[in-house]
Amino acid sequence: MDMIHNFPFFSILIALFSSTICSVLPGKIAKWVNTAVIIIAGVMSGTVLWYVSATGKCFVYLMGHFPAPWGNEIRAGILEGAMALFFCIIMLLCMWGGRKKLLEEVEESKHNLYYVLVNLLLSSLLALIYTNDLFTAYVFVEINTIAACGLIMIRQIGRTLEAAMRYMIMSLVGSGLLLFGICMLYDLTGHLLMSNIQEQVTQIMTDGTYAIPLVITIGLMVTGLAIKSALFPFHAWLPDAYGYSTISSAAILSSLVSKGYIFLLIKIIYRVIGFQVFRNSHIINVLFVFGLLAMVFGSLSAIKENDIRRMIAFSSVAQIGYIYMGIGLGTKVGMIASVYHILGHAAGKALLFISVIGLSDVSGFSRRFVDQTGAGYRNKIAGIGFTIGSLSMVGVPMFAGFISKLLFAQATVNNTLKMLPTLIALAISTILNAIYFMKTVIRTYEPKPDCQYEGIKIRQEKLYALTIVLFVIVNIALGMSSQPVVDAISVGLDMFG
């Protein structure tokens, strides 16, 4: 066996065990361990991506070298390697961008605990990407939930404790439905490995036996993951969770955590249920409708917000709606658009959260919209970052968001039933995006002579500035060199099947 076949397992294991190590280390050392772990996992994921691209084939790693049904499997293809690498890059930048604020917002005695939670979160995300076992996926879904909840409440102000409680309640409801669905699927098929389940599901659909229980099972799993990823109307926990947690936590939660659940859903659609079976179940139409509603109502909620961080949080509801709408189109092109939007939204939304903290710092630490007047002049790098992130979310050419919306529009061309509502929702959502993002950008560059914060400047931290520059580069790279990424996603989805 090639040594590279071990890398997915090693990356998960290193992140998992480093969390235990960080629990007994001082905060400063735990910080460097966390950085090293993310970089090592990213290098391993990049190597896996290179290897799979060079061979043109995915590979399966048998944990403990025990075959099914006793063993557990890890599977790596182009999409898994690319997503793992991208998640590591985004997480590293999120940690760098919020490092200074972490010192201010979290008690010093709990700094090492913060890195324990981040390492656990990284391990769970990598496991969701690589695992080929449905119950293992559930176990790491729960680890992901606990780590994310800890990242929300570690700041320990009233709003974060309330937000963590809401998040935990909603997330446990989603986890329960997912587990119930997995149990029913195991009862129907007798397997937990994804490839084996798909064989039995195909046989069930061919024979016509247990068709209704299978549809109910699919519905339970999809609903559980939709709740956990904050699809409208299951998003009540999201604004406070993103709005009041530490800035690194908000960036990671918005850009990675919900996307990990969506990626697992895509794996279930392709590798467990089968894309054709899922499309014929008509559950796909429910996702399509709720995706459209999220695109519009998430943006309307963002417009009404006066808190800039909560505005960005509500924007995530709309952007998650885009992803589910693309899945709901029921075509490969729609799925490519959704996967691409996972990447574009992760890069853009993390940039917005990291940038907005710099704007707030030079506005009396206020997050009120009115206090951001002229903040782009007082903190130039944060102003540039927020502007680039906003342009990407609106869908201006040159940036990742434009490619996503173009792909969604192209995906509807041959779908006569869903084309008109999709194009209308895209148009309305884009207009609403422009209203709340562009008015904020204009506000940050609107000088006001009697503004009490006029003339305030900060000593710019080099790591913070570097983080924003790197995020901007990622967004522009996705917008200007999209075709190789789209081709990789297409090949990766073919490997899924």
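The values are calculated or read from the model by the stated rules, or taken from the named source; none is laboratory data. In this text the structure is predicted, and so the values were computed from the model without any measurement. Here the Cβ positions follow ideal geometry from the backbone for every residue, glycine too, while neighbour counts run over all protein chains shown. Only protein heavy atoms, including side chains, enter the accessible area calculation; ligands, DNA and RNA are left aside. Shrake-Rupley method; radii C 1.70, N 1.55, O 1.52, S 1.80 Å.
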Fill in the blank from the handout: Charge dipole of the chain built from unit charges on the beta carbon (Lys, Arg +1; Asp, Glu -1), centred at mean Cα; most positive-end Cα among Gly334, Ala346, Met205 is Ala346
Problem - the range 163-229 - percent of accessible surface contributed by carbon and sulfur, probe 1.4 Å - result: 67 percent
Handout entry: Peptides ranked, highest mean first, by Cβ atoms within 10 Å: ranges 228-241, 292-305
Key = 228-241, 292-305
Practice task
Heads up, I need the accessible area for Leu417: 1.4 angstrom probe, whole protein in place, Å², nearest 10.
Solution key: 150 Å²
Handout entry: Relative contact order, percent, the range 279-386 [alpha-carbon distance under 8 Å, six or more residues apart]
Key = 24 percent
Problem - Radius of gyration and Dmax over the Cα atoms of the range 62-196, both given in Å - result: 17.5, 52
Handout entry: Angle in degrees between helix 158-189 and the longest Cα principal axis of the chain, rounded to the nearest 10
Key = 10 degrees
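Rounded to a whole number, what % of the accessible area of the range 359-420 do carbon and sulfur atoms account for, probe 1.4 Å?
73 percent
If R0 is 41 Å, what FRET efficiency do you get for Met438 and Val286 from their C-beta distance, rounded to 0.05?
Here the calculated transfer efficiency is 0.80.
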Fill in the blank from the handout: With R₀ set to 41 angstrom, the calculated FRET efficiency between the beta-carbons of Asp307 and Asp207, to the nearest 0.05, is 0.15
Practice task
Give the angle, between 0 and 90 degrees and rounded to the nearest 10, that separates the Cα long axis of helix 78-97 from the longest principal axis of the Cα atoms of the chain.
Solution key: 20 degrees
Handout entry: Burial order of peptide ranges 94-106, 477-489 (average beta-carbon count within 10 Å, highest first)
Key = 94-106, 477-489
Problem - Per residue, in Å², the accessible surface of the chain once ligands and nucleic acids are set aside, probe 1.4 Å - result: 37 Å²
Problem - Dipole magnitude of the range 225-369, debye to nearest 20 (Cβ charges: Lys/Arg +1, Asp/Glu -1, about Cα centre) - result: 300 debye
Completion exercise
For the chain, averaging the sequence separation of alpha carbon pairs under 8 Å that lie six or more residues apart and dividing by its residue count, the contact order in percent is 15 percent
Exercise for the section: In debye, nearest 20, what is the charge dipole magnitude of the range 87-132 about its Cα centre with +1 on Lys and Arg Cβ and -1 on Asp and Glu Cβ, if you could check? Expected result: 140 debye
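Gain in length, Asn414 to Thr47, computed as 0.36 nm per residue apart minus the alpha-carbon separation, to one decimal in nm?
128.4 nm
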Problem - Crossing angle, helix 482-496 versus the chain [Cα axis fit, 0-90 degrees, rounded to tens] - result: 30 degrees
Exercise for the section: Taking the Cα centre of the chain as origin, sum charge times position over the Cβ atoms of Lys and Arg (+1) and Asp and Glu (-1), and report the length of that vector in debye to the nearest 20. Expected result: 1080 debye
Completion exercise
When the charge dipole of the chain is computed with +1 on Lys and Arg Cβ and -1 on Asp and Glu Cβ about the Cα centre, the Cα farthest towards its positive end, among Phe7, Leu128, Ala41, belongs to Ala41
Problem - Listed residue (Tyr322, Leu178, Ala465) projecting farthest to the positive dipole end of the chain, Cβ model - result: Ala465
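Applying a 10 Å radius around every beta-carbon, put 421-432, 203-214 in order of their mean neighbour count, most first.
Result, highest mean first: 421-432, 203-214.
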